[in-house]
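Participant: After the structure tokens below, expect a handful of questions from me.
What follows draws every value from the coordinates through simple rules; no lab data is involved. Just so it is clear, the structure is predicted and the values come from calculations on it, not from any experiment. Here Cβ is always computed from backbone atoms with ideal geometry, including for glycine, and neighbour counts include all displayed protein chains.
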Amino acid sequence: MVDFVEVHADIEASSIQTPQAKSDAGRSSCVGITIAAGHLVEIIRQAYPGRPGKKDVIKFIAAGSELVVQSSRSSARREAFILGSGEWTVPAQVFRKVLDTFMAKEMLTLEVDARGLKLNSFLMPVLTWRATDK
């Protein structure tokens with residue numbers, strides 16, 4: 001049996017906590033996307049026809065249920081299952097080579113944040129990352 005007795009205690013805060021900045025409220029800290037490899041290759045080829053050079057980049061914008069791919073040549077968009085929202089860039093040549101290792105019908109899971117991009121089990125750094133409002 002436990003006897004509950006009221007005990008007086010003086011509690012002091014060891015540090016003052018400040019609330020989270022309002023500019024970050026409602027922003028994603030990462031993006032998760034599920035899309036078929038063939039669909040991703042298709043929109044990248046629409047946005048970046050031809051062979052990219054070593055210094056060329058691809059910009060991805062994920063928001064709502066739409067993935068937009070932009071390059072210096074064009075842009076393309078496609079619906080996809082997306083959690084979170086954000087924008088990031090990756091080296092075009094490297095990313096296209098990685099995508100060529102997957103079969104067209106294979107489902108890909110992309111996880112992206114400021115630390116990098118994870119494509120199924122493959123990890124690569126991102127050149128830029130920006131969380132966007134939902």
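Participant: Is there a residue being assigned to a strand (DSSP E or B), of a type in the set (Gly, Ala, Ser) and under 16 Å from CYS30 (Cα atoms) anywhere in the range 124-134?
Facilitator: yes
Participant: What's the total number of residues in the range 85-108 that are closer than 16 Å to ILE35 by Cα, out of contact with any Lys or Arg (no Cβ under 8 Å at 6 or more places or on another chain) and of a type outside the set (Lys, Arg)?
Facilitator: 11
Participant: Further question on the same structure: Among the residues of the range 98-112, which ones are in contact with a Phe, Trp or Tyr (Cβ under 8 Å, 6 or more places away or on another chain), of a type in the set (Val, Ile, Thr) and in contact (Cβ under 8 Å) with a residue 60 or more places away in the chain?
Facilitator: VAL112
Participant: Out of (1) exposed (fewer than 15 other Cβ atoms within 10 Å of the Cβ); (2) not in a strand (DSSP E or B); (3) not basic (Lys, Arg), the odd one out for THR34 is which?
Facilitator: The one condition THR34 does not meet is (2).
Participant: Can you name every residue in the range 109-131 that is within 13 Å of ALA62 (Cβ to Cβ) and surrounded by 15 or more Cβ atoms within 10 Å (Cβ to Cβ)?
Facilitator: LEU110, GLU111, VAL112, ASP113, LEU117, VAL126, TRP129, ALA131
Participant: Regarding the range 99-108, can at least one residue be identified that is outside any strand (DSSP E or B) and crowded, with 19+ Cβ neighbours inside 10 Å?
Facilitator: no
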